[in-house]
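Down below is the structure, laid out as structure tokens.
Values in this text are rule-based calculations from the coordinates and carry no lab data. What you see is a predicted model; the values in this text were computed from it and never measured. Glycine also receives a Cβ, built like all others from the backbone with ideal geometry; neighbour counts cover every protein chain displayed.
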Amino acid sequence: MVKKIELGKKVRDKITGFEGIVTARTEYLHGCNRYYVEPKVGKDGSHREGQTFDEGSLEIVDEGIKAKEVETEKKGGSQKYDPKGRF
């Protein structure tokens with residue numbers, strides 16, 4: 001059993017070398033855990049898309065960031081909440 005990786009850790013995929021910060025974890029019923037990894041912005045300011053990896057293929061390379069360091073005024077998703085279900 002592989003230990004869960006904490007959100008905010010900087011990781012590297014052992015197969016592809018892809019590096020970034022873990023921003024989400026998905027746990028499946030039969031034990032397969034997957035992590036969404038977001039890379040740094042490119043030197044030219046371009047944004048690369050994040051990727052999802054199996055838990056066993058990732059290694060922690062740095063402490064990364066803590067959630068407090070990236071707090072925003074609003075919590076939750078990108079859409080505002082409307083109790084009547086309208087956005």
Once the dipole of the stretch 10-70 is set up from charges on Cβ (+1 Lys and Arg, -1 Asp and Glu), the residue from the list ALA24, HIS47, TYR35 lying farthest towards its positive end is HIS47
Taking a spot 7 Å from the Cα of ASP62 along the direction of its beta carbon, which residues of the stretch 16-49 have an amide N less than 19 Å from it? 16-24, 36-49
Output for the stretch 10-70 (equivalent-ellipsoid semi-axes, sqrt of 5λ from the C-alpha gyration tensor, Å, descending) is 21, 14, 11
Just to be sure I understand the model, the point goes 7 Å from the Cα along the line to the Cβ. What's the resulting ARG48 to ILE15 distance in nm? 1.7
